[in-house]
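Below is one structure, written out as C-alpha cells; comments come after it.
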Amino acid sequence: MPLALNGVFLQPMTHGEYAAYERSMGATVVESDGIYWRRVRPGFYRPLLVFEPLNHLVVRPPCGASWGGWQYAVCDPEWANGSISFLVFKSVAGYDLHCLEKKRRWEVRTAERVFTVRPLNGPEELSAAYPVYVDFQRRTGYKYRSDRLDPACFAQWARQVFQHPGVLVLGAWREDCLRAVSVLQRVGRTLIYATFFATGEALRRHVASLMLHGVRVLGARLDGVAQIYAGLRKGGGEKSVDEFYLQRGCEVVTLPARLHVHPVTGWLLRTFRPDLWRRLLGQPVNEGNPPSTQTAAAGAPVSFSVDSHRD
C-alpha cells in the first residue's frame, strides 16, 4: 500500500498553539493585541498566518518593528500600498490523482512502486531521519537551522515536533529505510505544508511528487480543510520550488497588503536593496539568478520550509 493514510486524524491548532509550535522550532513570534507576528528578518515582521487578511483599524505593530517595519494583508484594498503573494492548493476536497497532468501522474505511480508513505509514530522514528537530513544539507548548503546537523540537536527537534497537537509527520520508506520526510500543521481550515527533505536518490525516484500527492490526498480526507498553504511566492533561485508546485495544480494568490517601514529603513532599502523593496511592494523584480542548487532531478525541490515566509 504506497499510501498508508487511512484513518489519519489531524487536530486543528488554535493560533496560540501554532505560535507556541513555531517558537519551539526556533522562530521569533510575538503577540500584539491578539495577533501573532513572525520576525522574518531583524526588525521586520509579518503575521504568523500571513494568508489571513487583517482589519487595518485594529492592527498594532509588534514590539521590535518600530525601527524596521511590518507588513500584512488587508481586508480593505483602499488601505493597500503593495501586495503579498503566496502559494495555495484549492479545491482540496475534489482532489485525486487524475487531477494531475499525464507526466505528473506517471511520476507518482513510478514512486508508488518504490516507496510506502505513512505517518511517523513518534520522535524515535523521526530521529532516524538524521542521515536523510545530513544528505540534504550537504547537497544543498541550506543554512536555516543548520545546527540540526548535530545529532543531538536533530533529536531534540524531533522531540519538539511531537510535543504539539495539530502536527503530522509523514515518511517515505523504501526497504524499511526512511528516505524522505514531510511535516504538516493544521491551523483552522488550512493545512500547512511546512517542511520536506529527502535523499538525492529518493528525489531521482520522484519521492517529492509522491509526498505531495499524499498531502493532497490527506487534505481531501480531512473534514473541514479548505486549502493547503505552500509558502510565500519566492524569488531568485528559489523560484524553482514554486514551479514544482505550479506544475502540479498549485495557484498563486495575491492579496492587497499594507507595508509600514521606518523612514531610515525605507531609504536604506531603496538605496541598497531596491530588488527587496520592489518585492515588498509586490512589484516585478528583474532577477537573473542562476538555477538554484536546491533543485533536484526532474524539477523536484530538495527541501522547503515555512522559513520561506522570508523575502
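Any read-out appearing in this document is the output of simple, stated calculations on the displayed coordinates, not a laboratory observation. What you are looking at is a predicted structure, and each value in this text was computed from that prediction instead of being measured. Cβ: placed from backbone, ideal geometry, glycine included. Neighbour counts: every protein chain shown.
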Bin width 20 Å, origin at 0, all Cα-Cα pairs of the chain: what percent of pairs per bin? 32, 59, 8
Ratio of alpha-carbon Rg to the 2.2 N^0.38 Å globular estimate for the stretch 88-250, to two decimals, please. 1.01
Could you sort 47-58, 95-106, 162-173 so that the peptide with the highest average Cβ count within 10 Å comes first and the rest follow in order? 162-173, 47-58, 95-106
Hey, what did the chain get for relative contact order, percent, Cα under 8 Å, at least 6 apart? 27 percent
Given the C-alpha centroids of the stretch 31-49 and the stretch 130-188, what is the distance between them in whole angstrom? 25 Å
For the peptides 143-150, 38-45, what is the packing order when you average, over each peptide's residues, the other Cβ atoms within 10 Å and list the highest mean first? 38-45, 143-150
Angle, helix 151-161 long axis vs. longest principal axis of the chain, Cα atoms, 0 to 90°, nearest 10? 80 degrees
Please give the length that would be gained between residue 106 and residue 91 if that part of the chain were fully extended, namely 0.36 nm times their separation in residues minus their C-alpha to C-alpha distance (nm, one decimal). 3.2 nm
Options 111, 126, 87, ranked by Cα towards positive dipole end of the chain, top entry (Cβ charges): 111
Please give every one of the aspartates and glutamates within straight-line cross-link reach of residue 103, meaning a C-alpha to C-alpha distance under 15 Å, and leave out same-chain neighbours fewer than 8 residues apart. 112, 243
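Just check the stretch 139-226 against the gyration tensor rule for me: Cα atoms, a ≥ b ≥ c as the square roots of the eigenvalues, rounded for a/c under 1.5, and otherwise prolate or oblate depending on whether a/b exceeds b/c.
Details: a/c = 1.97, a/b = 1.24, b/c = 1.59.
Here the stretch 139-226 falls in the oblate category.
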Specify the inter-centroid distance of the stretch 251-268 and the stretch 73-106, based on alpha-carbon positions, in whole Å. 21 Å
How long is the gain from residue 28 to residue 11 if the chain were fully straight, where each residue apart is worth 0.36 nm and the alpha carbon distance is subtracted? 3.7 nm
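Take 267, 70 and order them by how many other Cβ atoms sit within 10 Å, fewest up front. Provide the component values of the computation, followed by the final result.
Numbers: 267 12, 70 24.
The fewest-first ordering by Cβ neighbours comes to 267, 70.
Could you work out [θ]222 nm for the chain from helices alone, using -39500 (n - 2.57) per DSSP H run of at least four and dividing by all its residues? Round to the nearest 500 deg cm²/dmol. All intermediate terms of the calculation are to be shown ahead of the outcome.
Working: 10 runs with 93 residues, N = 311.
The per-residue figure over the chain is -8500 deg cm²/dmol.
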Rounded to 5, percent antiparallel among DSSP beta bridges of the stretch 1-129: 65 percent
